[in-house]
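Written out below as structure tokens is the structure these notes cover.
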Ligand code: SF4
Ligand code: FES
């Protein structure tokens, strides 16, 4: 078992775990985004997907153990390596730093994706905690939300301005994180080839942008108004945003203020 | 001291790190230099500074140098926050003063890493690299006389890639420029060089486990794939070799008796914690 210990303790082994768990979490992002995109297909498609997923308890348990396990390992090693890396510089830091990578000029504050992984990672961790409270543990949900179907639930959570802002920022931060992380994982796992690496790096950046836009798009999603026409649950809790229950009128009321609806999830 | 040989000369302000020894606290000291020829190398400029300091009865600035032609890897300065100065693929000794402009302020610092303690001023102790080499960066077979060159066939790709790694001069700029002070590029250069040649193949598992173990116990940082090392490396060693090091490590750790039994790992591989 010493090889297992070495995996978690040697510098290269730690990067294997970091890269492996990172790629697994990237895979999860893809599945998650694909599922979420069904929101655009309407309540029926999304609800049947969500219900099917939740009926399969065994799959759900395995997936959740895998996800939480990967996340915890990823975060644990982030702490370990970050503190080792800080210590490795020694007591005195440079008074001046400049990148030598052609086309990149960084300072110590280095605001490039690859130099801010720890910061973006920490932000994502905070976001995931909130996201789980919103959707999984439903900490802030009122009775109406608890009783609502998955589609309406999503609409209710996303109707709050605070959530719109936080979810949009989080989507961008996740995009930045994976734009370096995806390609970096390949390098850490030794999967580098002069011929394919430029492609992997491009895919990584495209993936980052896709994640940011894909997840970020849901804050502009008008499901709240659309489902308002069909679901009495939303009607009760956020009547002010729905001046009319007629589908046509609801679509017309595009500038419906989101502020009153903010009170729906008590954040 | 007529050091302005040709037309163009520079007046410079230098901020130099001065530190008596490892136990003392260091500090920046400012110096002014007048009439530095643009034809001079950076180290020649420092020679002028030291002559000036000696004349003033001050202790000269200590800095490492030897070949002064870019092959030994002894020179090592962080110049305005860049390892070996602003040029890519260049050692400090090959850097010329024409890269600077009149009146410029130049900040000169030693390599900064816990594993490279300052000995004096700009000189750091890089023997951590020697200990990493001793942990496996060699081929320990008796080769006897030089064999017939064509009796050991090596493909052109392997040979070129091995030599691309072998060009490492062990200067430590990779460590100095890395935000994590990681020595991965140096170790990768050595491992990748020998792993691709038949002479190095028999010991490849022991080599990579031993060298990574020693690197970790010297308390260098972990690689986060920012590629600053590659940009700072005067020999142009590519981070592709780091990926090969990672592959070698995986093969050795999970696919060799040494790795599976945990030899070479427990003694040094877990050091530093
Ligand atoms: S890899 Fe490059 S920067 Fe690092 S020690 Fe070797 S020559 Fe110097
Ligand atoms: S002094 Fe030898 S490489 Fe610079």
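Structure values in brief
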{"read-out": "For residue A:94: the one exception among (1) at pLDDT 95 or above; (2) closer than 22 Å to residue A:201 by Cβ", "value": "(2)"}
{"read-out": "Matching residues, region B:61-70, being more than 6 Å from ligand 2 (Cβ to nearest atom) and closer than 20 Å to residue B:117 by Cα", "value": "B:61, B:62, B:63, B:64"}
{"read-out": "Criterion (in contact (Cβ under 8 Å) with a residue 40 or more places away in the chain and assigned to a helix (DSSP H, G or I)) met by exactly one of B:139, B:237, B:208", "value": "B:208"}
{"read-out": "Flag for residue B:20 being in a loop (DSSP other than H, G, I, E, B) and away from ligand 2 (no atom under 14 Å from the Cβ)", "value": "yes"}
{"read-out": "Residue list for region A:5-40, filter: over 21 Å from the mean Cα position of the chain (by Cα) and more than 9 Å from chain B (Cβ to nearest Cβ)", "value": "A:8"}
{"read-out": "Sole residue being over 13 Å from the mean Cα position of the chain (by Cα) and either closer than 30 Å to residue B:258 by Cβ or at pLDDT 95 or above (or both), chosen from B:125, B:164", "value": "B:164"}
{"read-out": "Selection status of residue B:200, more than 16 Å from ligand 1 (Cβ to nearest atom), modelled with pLDDT under 95, facing chain A (nearest Cβ under 8 Å) and buried (at least 19 other Cβ atoms within 10 Å of the Cβ)", "value": "no"}
{"read-out": "Where a residue in region B:88-115 is free of Cβ contacts under 8 Å to residues at least 24 places away in the same chain and more than 12 Å from every other protein chain (Cβ to nearest Cβ) and its partner, wherever it lies, is part of a helix (DSSP H, G or I) and away from ligand 1 (no atom under 13 Å from the Cβ), with Cβ under 9 Å and at least six apart", "value": "B:99/B:42"}
{"read-out": "Tally of residues being in a strand (DSSP E or B) and either surrounded by fewer than 22 Cβ atoms within 10 Å (Cβ to Cβ) or away from ligand 2 (no atom under 13 Å from the Cβ) (or both) across region B:71-127", "value": "16"}
{"read-out": "Criterion violated by residue B:246 - all others in (1) facing chain A (nearest Cβ under 9 Å); (2) closer than 22 Å to residue B:114 by Cβ; (3) at pLDDT 95 or above satisfied", "value": "(2)"}
{"read-out": "Yes/no for residue B:212 being more than 7 Å from every other protein chain (Cβ to nearest Cβ) and at pLDDT 95 or above", "value": "no"}
{"read-out": "Region B:157-191, residues that are more than 11 Å from chain A (Cβ to nearest Cβ), more than 16 Å from ligand 2 (Cβ to nearest atom) and touching a residue at least 40 places away in the same chain (Cβ under 8 Å)", "value": "B:165, B:185, B:190"}
{"read-out": "Verdict on residue B:174 being over 18 Å from residue A:91 (Cα atoms), outside any helix (DSSP H, G or I) and at pLDDT 95 or above", "value": "no"}
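The values are calculated or read from the model by the stated rules, or taken from the named source; none is laboratory data. This is a predicted model, so every value here is computed, not measured. Here the Cβ is made from the backbone with ideal geometry for all residues, glycine too, and neighbour counts use every protein chain on show.
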